[in-house]
1. Ranked highest first by average number of other Cβ atoms within 10 Å, how do 55-63, 40-48 line up?
2. In a solvent-free Debye calculation with one equal scatterer on each Cα, what is log10 I(q)/I(0) for the range 15-198 at q = 0.20 Å⁻¹, listed in the order of the q values?
3. Using the Kirkwood radius built from alpha carbon pairs, what does the Stokes-Einstein equation give as D for the range 98-202 at 37 °C and 0.692 mPa s, in µm² per second?
4. So what are the ³J(HN,Hα) numbers for the range 168-183, from phi and the Karplus equation (6.51, -1.76, 1.60; θ = phi - 60°), rounded to whole Hz, Gly and Pro as x?
5. Tell me the net charge near residue 47. Cut-off is 13 Å between Cβ atoms, residue 47 excluded, with +1 for each Lys or Arg and -1 for each Asp or Glu.
6. If amide hydrogens are placed 1.01 Å from N in the peptide plane, which non-local residues have theirs closer than 5 Å to the one on residue 193?
7. Are any of the pairs 56/132; 37/75; 17/187 more than 23 Å apart by Cα-Cα distance, and if so, which?
8. Under a Cβ-Cβ cut-off of 10 Å, what is the net charge of the residues other than residue 27 that fall near it, where Lys and Arg count +1 and Asp and Glu count -1?
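Laboratory data are not the source of any read-out in this text; all were calculated from the coordinates shown. Quick caveat: nothing in here was measured; it's all calculated off a predicted structure. Here the Cβ positions follow ideal geometry from the backbone for every residue, glycine too, while neighbour counts run over all protein chains shown.
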Amino acid sequence: MGALLMKKDEGHLIHEKIAVSPQLPRVSRQRLLRLLKDNLTSYNATIISGRAGTGKTTLAADFATRAGRPVAWYKVDAADCDLRLFCQYLLKTVMRHRSLDEDRLLQLTESIESDRAELLAEALVFQLSEGKFEPLLILIEDLHLVYDADWVVPFFRRLMSLLPTDVHLLITCRSLPPAPLWRLRSKQLLRVMDETELAFTQDEASELFESYGLSEEHARVAWLQTNGRAGAIADFAATPGRAGRAVADNYLAIKQTGLKCLAGQTPNFQT
């Protein structure tokens, strides 16, 4: 997730923040893609939570290309803690696929009422429910960057509980939102995928290393050293000089030398 290009439209919004991330994986992880696919019809929303380097954005981008529905992507920055600015970006990306009364919704962000975030969420859901459209995936990346804003919890708690069945919300973040989520999860409205699920299995590591022409033993050593952390294991696979590759190379060299020595020995049955 590199720095965004500061290319602006006729207003002040940055186009790249509402474009689907090009950060696709070298090898798709079918196990996680199947889980996300199931979530589309089983839950209102999915949160992918994990620290930097756990593969959140790469997985989200891969799923966005395979979800079988239009995707409204929004990459959040810390400056988006202002509710009106956040709403502008969110509405712009959604309006590529749905008709919304943008002016009406933005007016709600100017209210001084304490429940304005909830009212905004309700109004947005109402407009999303009007008319017949293709099912939609709304994908919000790096939501943790605006957790300090007082509107975040009431807005998303209300939004996730009311979303129409043809709209699914997918959020990536480095930590869970600062609010109890048990009620949403107990009602089967929200599915949380954490670092444990995001970690590579040994089979997934082998598939990745095979794509580089590397052995299963290389994959096993790297998997053990990285605990399956997506960014670290991908780095090991792609970089010949990394320690994990060197350890595996040494291990394989010793193993092969030992086998050759054994093959060249003639058993002495007189001893």
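1. Working: 55-63: 22.8, 40-48: 20.2.
Ranking, from highest mean packing down: 55-63, 40-48.
2. With no solvent term, the Cα-only Debye profile gives -1.65.
3. Values: Rh = 15.3 Å.
For these conditions, the coefficient is 215 µm²/s.
4. Result, ordered by residue: 10, 9, 10, 10, 10, 7, 7, 8, 5, x, x, 7, x, 9, 4, 5 Hz.
5. Numbers: positive: 56, 157, 174, 185, 191; negative: 141, 142, 194, 195, 197.
Result for the local shell: 0.
6. 47, 48, 49
7. Details: 56/132 31 Å; 37/75 21 Å; 17/187 32 Å.
Check vs 23 Å cut-off fails for 56/132; 17/187.
8. Working: positive: 26, 29; negative: 62, 204, 207, 210.
So the surrounding residues net to -2.
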